[in-house]
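Right, one structure below, let's go through it.
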């Protein structure tokens with residue numbers, strides 16, 4: 001026990017002596033606090049924010065998977081839990097960690113706030129997200145879908161008007177921060193010291209100043225960087241096969257989008273599910289996140305129609321015109337300014353009843369009925385120009401499938417009712433005349449057929465004209481003619497009687513063709529008794545010859 005006590009006393013004495021040599025205990029405490037603080041700040045993750053607007057619950061989840069596919073696979077291997085996604089109601093939320101190329105270090109944590117409906121009622125939900133500290137680390141992403149490209153310009157206008165409503169209502173400190181952010185974004189890729197991938201350029205003594213802005217560039221900065229993602233690019237093939245779309249339609253859509261986004265300094269990208277794209281590189285570079293081990297340069301692509309990538313500060317009016325001749329880029333750019341110079345929301349309330357005769361949805365304070373009506377598009381609107389060039393096939397069932405031109409004009413112009421009836425009257429008159437001619441021709445054919453039938457039934461004993469009754473003719477036709485063999489010559493009795501009648505009626509000489517007529521003398525009057533005697537003599541002569 002004594003030894004242990006002495007040893008402890010010796011250690012404490014030595015320790016006290018050592019403390020007196022190194023200085024005061026208070027200085028040691030401050031040193032440790034500073035070291036711990038530096039370590040804690042070094043391990044603190046940079047916080048980044050994405051405000052995801054548009055799309056559906058499913059399309060937003062597809063965006064999460066495309067953005068964090070590699071990081072989520074690594075997270076699944078290391079942990080059985082993945083960050084939850086809550087985006088079914090109003091303002092949704094999820095997050096994910098961005099890993100370095102070796103998947104060992106975490107570069108940043110991205111918080112994603114989602115909103116699917118551009119209703120003005122949700123503007124108050126976005127305001128708390130934007131603070132002086134979060135604005136430099138925030139990116140706006142708008143989702144569009146290739147299943148309905150004819151709605152893109154109208155959807156984009158609604159979201160930007162909603163954003164402007166939110167940004168205008170922020171504090172002066174937030175507005176000053178947004179102004180600084182926009183100035184730094186304008187210098188990216190223009191010699192201002194920041195590359196398109198977010199990395200800093202090495203300072204030099206003879207550094208060139210930032211290049212001046214071209215026409216239509218950064219004319220309407222929002223205060224936050226903007227990226228538009230057009231999902232499901234594989235549906236381009238469906239539009240090509242079922243709606244008759246060709247390269248002209250796809251180029252027109254791209255030219256409109258690039259011209260409009262150029263005014264906000266925004267970027268554009270087309271994505272396809274389960275197909276690798278530059279989406280993670282574009283989003284991370286827009287947030288200032290870049291790998292320390294592997295640099296992934298961001299490349300533009302305006303050639304492959306389903307893999308379009310337009311980085312910020314890369315596009316210009318000249319590049320847009322080259323894509324397809326005849327596109328009025330200046331008119332579209334000016335029209336977009338007209339679209340954004342409107343009150344939001346784009347509806348108005350009027351007194352009256354609904355169009356279907358029912359009561360309105362909103363009641364005024366004085367008990368009157370209020371009906372919400374969409375405001376008409378202003379004159380020169382880019383939305384109107386876009387929807388005229390990119391028609392919605394569901395608006396008109398009469399599509400011109402075999403049209404010779406690429407015009408997307410599908411409306412059918414109607415004529416006046418009286419003019420239409422006058423045309424139909426002419427058609428009916430022509431049909432009536434044709435039917436009358438057909439009836440006359442049919443009657444004429446029946447008359448000729450009847451005459452031929454009567455001629456076929458003529459013969460033998462009959463009336464004064466030599467015609468036999470129809471029944472008698474049919475019976476005689478069935479029995480056959482009565483013939484005699486006179487000296488080896490077959491003689492038709494009916495034919496002989498007919499010839500004799502003709503002689504008696506007209507008194508004309510007999511035809512020399514018959515061999516028997518040479519033995520018969522013409523008589524002015526011949527009755528039935530003489531005929532019977534004549535044929536009886538012939539038969540007796542036949543019997544005598546036979547003996």
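Most tightly packed first, judged by the mean number of other beta-carbon atoms within 10 Å of their residues, the peptides 162-170, 149-157 read 149-157, 162-170. Counted residue by residue at 0.36 nm each, then reduced by the alpha carbon distance between them, the extension gain from residue 340 to residue 299 reaches 11.7 nm. Calculate, for residue 109 and residue 394, the FRET efficiency according to 1/(1 + (r/R0)^6) with r their C-beta to C-beta distance and R0 56 Å; round to the nearest 0.05. Here the calculated transfer efficiency is 0.85.
Using r as the Cβ-Cβ distance of residue 147 and residue 434, and R0 as 56 Å, what FRET efficiency do you calculate, to the nearest 0.05?
Numbers: r = 51 Å, r/R0 = 0.92.
Efficiency, from the Cβ-Cβ distance: 0.65.
The relative contact order of the stretch 217-305, computed from alpha carbon pairs under 8 Å that lie at least 6 residues apart in sequence, is 40 percent. Here the stretch 246-318 has an Rg and Dmax of 13.2, 43 Å, counting Cα atoms alone. Here the spin labels are modelled as points 7 Å beyond Cα on the Cα-Cβ line, and at residue 93 and residue 242 they lie 3.9 nm apart. Here the scattering of the stretch 288-346 is modelled by Debye summation over its C-alpha atoms, one equal scatterer each and no solvent; at q = 0.15, 0.17, 0.19 Å⁻¹ the log10 of I(q)/I(0) is -0.72, -0.82, -0.90. Site pair residue 374 and residue 448 shows an inter-label distance of 6.8 nm when each label is modelled 7 Å from Cα along Cα→Cβ.
FYI, it's all coordinate maths here, none of it is from the lab. Keep in mind it's a predicted model, so treat the numbers as computed, not measured. A quick note on method: Cβ atoms are made from the backbone with ideal geometry, for glycine too, and the neighbour counts reach across all protein chains shown.
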